[in-house]
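To start, the structure itself, in structure tokens.
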Amino acid sequence: MENFKLADLCISQAAKVWVDDGEILATGIGLIPRLAAYLSKMAFNEALMVTDGETYLIDEPFPLGVDRTLKVEGYMSYSRVFENLWGGARHAMVTPTQIDMYAQMNISCIGDYEMPKVQLLGSRGFPGNSISHKNSVFIPVHSKKSFVEGEVHMVSSLGYKEDNLYAPEIGKVITNLGVFDFNGDNHAFRLLSVHPGVEVQAIEESTGFAVDTSQFTETELPSPQEIEIIEYLDPKGMRHNIFGG
Amino acid sequence: MNKVHTLDQFIAQLEDGMTIGIGGWGARRKPMDLVRAICRSPLKDLTIVSYGGPDVGLLCSEGKIKELVFGFVSLDLIPLEAHFRQARQNGNLKNITELDEGMLQWGLRAAAMRLPFLPTKIGFGTDILKHNSHIKTITSPYSDKQELVAMPAIPLDAALIHVNKADKKGNTQIFGPDPFFDDLFARAATNTFVSSEKIVDTDQLGGEQMAIFNRFERNFVTGVIECPGGAHPTSCAPDYGFDLEHLKNYSAQVENYAEYKKDFIDVNPSAYHEAVGGLQKILSISLPRF
């Protein structure tokens, strides 16, 4: 097995989802997606707009978890986020608690809706995001708990169901095992690349629905330049804790 | 004109069964002194509309909520709100209207514009429509014939908002970089009650340079209540950040809420300040960095 760090591999792959997006808002929700959006702006697509994680658009991504100086270029209050995303000029990367074979996602609750086994956040902006702009997905622990059999318990974001009036745009799905999309036949979940050292069988056993494994490669390792930028953005190595140390 | 209210005068204007909107966002700039006053009052059967944080959590644990209209409930750095979770998981909060954050905004905006609904694509293909059968769809009357969601107005009997500065007439200023949707809460409400870090004379509001921070007009404001530190344990940028230690303790006390209630709810604001280490301590909490 080659010498690489899983977090760096995932960030590198995640950063590539925004390469061809042009001048849009790149929102990475959670540490790995946020580092990926920052890396993407610095290494692949300087036209991307990214925020400080709160209210401002920043000209230069900054290292997380240490003292910082903001280089503000614009304003992105919540109201402005909605106004911008409803026009479609955004590509987010999100981490749902559940995702299903239709690419429907759930961050609302697990179990019975009236009296859930686990109450989560509520659907937040997922319904509006999924009908307005492209969304990619990062899931740190690829298992049947997140890639569920049947349908997600509460459909927070629109998926590829046949009777839907509108279709979503799902980008890549990046997990600790591989890189996927929903562009197989009839939007089937499809393996694009498997991370070094991961068996395809492990992916199939960890997914609650069929995975198209007809054509895939091995995931490309991050380049030295990418690793240098990732180290700059996360000097404390917080990214490694996401995968359980 | 003098709209200055005491907390008691504020509570006296609310009634059982009212629909009350609460400004702020998650653990940010919530009118917590006003919420705690509701917790101490006999008010009941409230419909609460909120981008929820500990405001919703407290009212859940107090059993004040008949119905919750929400896009999320979260404490930001603590993603899940323990009190809200407990109420949901124990079956004590079955009557909910879960919305997309934008739909909630649209509902408030429709009410603010005195419209029955505003159209949107949002909701299609999700269980938001399945669980909210009162939300209807319409067909565009134009040649596109597009099918749309008719997001119904969410008129509020009262809106509660916390601001940095106000005068007696109800002119208010929010200095935090994000005013959230407080303007819409105020515009959607019959009566808006604003707690403010301080109440000053109108000529102390800072004139034309500061007027941009006045996010909604005073005609929407029924009462202003001086509540220094009144957003604690949520943040009130740029004056103070959220009290993470307090929020952790609040979350941990979900099982023995009576204890938390005794220490932090069933006390007046000055005793509350003392219980959390003093007003100066609140005002010195640094802002979070996300």
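Computed from the coordinates by the stated procedures, all read-outs in this text should not be read as laboratory data. Fair warning: this is a prediction, and the values are worked out from it, not measured in the lab. Cβ placement follows ideal geometry from the backbone for every residue including glycine, while neighbour counts extend to all protein chains displayed.
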### Task
Please return the longest stretch of chain A lacking exposed loop sites, where trypsin sites (Lys or Arg not before Pro) count only if DSSP places them in a loop and at most 14 other Cβ atoms lie within 10 Å.
A:146-235
### Query
Tell me, how many Å apart are the Cα centres for the stretch B:232-288 and for the stretch A:135-163?
37 Å
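Over all residues in A:106-118, what is the mean tally of Cβ atoms on other chains that come within 10 Å of each residue's Cβ? Could you put the intermediate results ahead of the total?
Numbers: counts 2, 2, 6, 5, 1, 1, 1, 7, 7, 7, 4, 2, 4.
Average neighbour count from other chains, rounded to a whole number: 4.
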### Message
What is the sum of charges, Lys and Arg at +1 and Asp and Glu at -1, for the other residues whose Cβ falls under 15 Å from the Cβ of B:A237?
### Response
-2
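Would you work out the charge dipole size for chain A about its Cα centre, treating the Cβ of every Lys and Arg as +1 and the Cβ of every Asp and Glu as -1, and quote it to the nearest 20 debye?
Values: 18 positive and 33 negative charges, 114 e Å.
My answer is approximately 540 debye.
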### Message
Apply the Karplus curve 6.51 cos²θ - 1.76 cosθ + 1.60, θ = phi - 60°, to the phi angles in the stretch A:70-80 and return the couplings in whole Hz, x for Gly and Pro.
### Response
7, 9, 7, 10, x, 10, 9, 4, 4, 4, 5
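Relative contact order of the stretch A:44-151: what whole-number percent is it, with Cα pairs under 8 angstrom and at least 6 residues apart? Don't skip to the answer; put the middle values down first.
Details: 139 pairs, mean separation 25.9, N = 108.
Result for the stretch A:44-151 is 24 percent.
Sort largest first and round to whole Å: the equivalent ellipsoid semi-axes of the stretch A:6-238, each the square root of five times a Cα gyration tensor eigenvalue. Can you show the working numbers first?
Working: eigenvalues 151, 100, 53 Å².
Sorted largest first and rounded, they come to 27, 22, 16 Å.
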### Query
log₁₀ I(q)/I(0) of the stretch B:97-175 at q = 0.25 Å⁻¹, via Debye over equal Cα point scatterers, no solvent, to two decimals?
-1.18
### Query
Setting aside same-chain residues fewer than 8 positions from B:K130, which lysines have a Cα under 16 Å from its Cα?
A:K161, B:K94, B:K121
### Message
Counting only other residues whose beta carbon sits under 10 Å from that of B:I48, what net charge do I get with K and R as +1, D and E as -1?
### Response
0
### Query
How large is Rg over Rh for the protein assembly as shown, taking Rg from the Cα atoms and Rh as the Kirkwood inverse mean of 1/r across Cα pairs?
0.97
### Query
Within straight cross-link reach of B:K281, meaning Cα distance under 25 Å, which lysines are found once same-chain residues fewer than 8 apart are removed?
B:K30, B:K165, B:K198, B:K248, B:K261, B:K262
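Mean Kyte-Doolittle hydropathy of -1.0 or higher plus an axial Cα length of 27 Å or more: which whole DSSP H helices in chain B meet both?
Working: long enough: none.
In chain B, no H run is both long and hydrophobic enough.
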### Summary
Taking a straight Cα-to-Cα line shorter than 25 Å from A:K5, and setting aside same-chain lysines fewer than 8 residues away, one finds A:K16, A:K41, A:K144, A:K145, A:K172, A:K236
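What number comes out for the charge environment of A:L165, summing +1 per Lys or Arg and -1 per Asp or Glu over other residues with Cβ under 12 Å away?
On the way: positive: A:K161, B:K121, B:K145; negative: A:E162, A:D163, B:E147.
Surrounding charge for A:L165 is 0.
If you take the C-alpha gyration tensor of the stretch B:1-44, multiply each eigenvalue by 5 and take the square root, what semi-axes do you get, largest first, in whole Å? Walk me through the numbers before you get to the answer.
Numbers: eigenvalues 64, 47, 21 Å².
Its equivalent ellipsoid spans semi-axes of 18, 15, 10 Å.
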## Note on the structure
For the stretch B:129-174, the Cα-Cα pair-distance distribution in 5 Å bins from 0, as whole percents, is 5, 14, 13, 12, 11, 10, 8, 12, 11, 4, 0
### Query
Over all residues in B:68-79, what is the mean tally of Cβ atoms on other chains that come within 10 Å of each residue's Cβ?
3
### Per residue Cα convex hull volume in Å³ - calculated over the stretch B:180-272
140 Å³
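Which of A:F147, B:F124, A:F138 comes first, and how do the rest follow, when ranked by fewest Cβ neighbours within 10 Å? Display every interim value, and only then the final one.
Numbers: A:F147 22, B:F124 19, A:F138 26.
Fewest-to-most Cβ neighbours within 10 Å comes out as B:F124, A:F147, A:F138.
After finding the eigenvalues of the alpha carbon gyration tensor for chain B, what semi-axes result from the square roots of 5 times each, listed largest first in whole Å? Let's see the in-between values first.
Values: eigenvalues 180, 115, 58 Å².
Its equivalent ellipsoid spans semi-axes of 30, 24, 17 Å.
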#### Entry: Principal axis dimensions, the stretch B:1-100 - Cα atoms, whole angstrom, descending
43, 26, 23
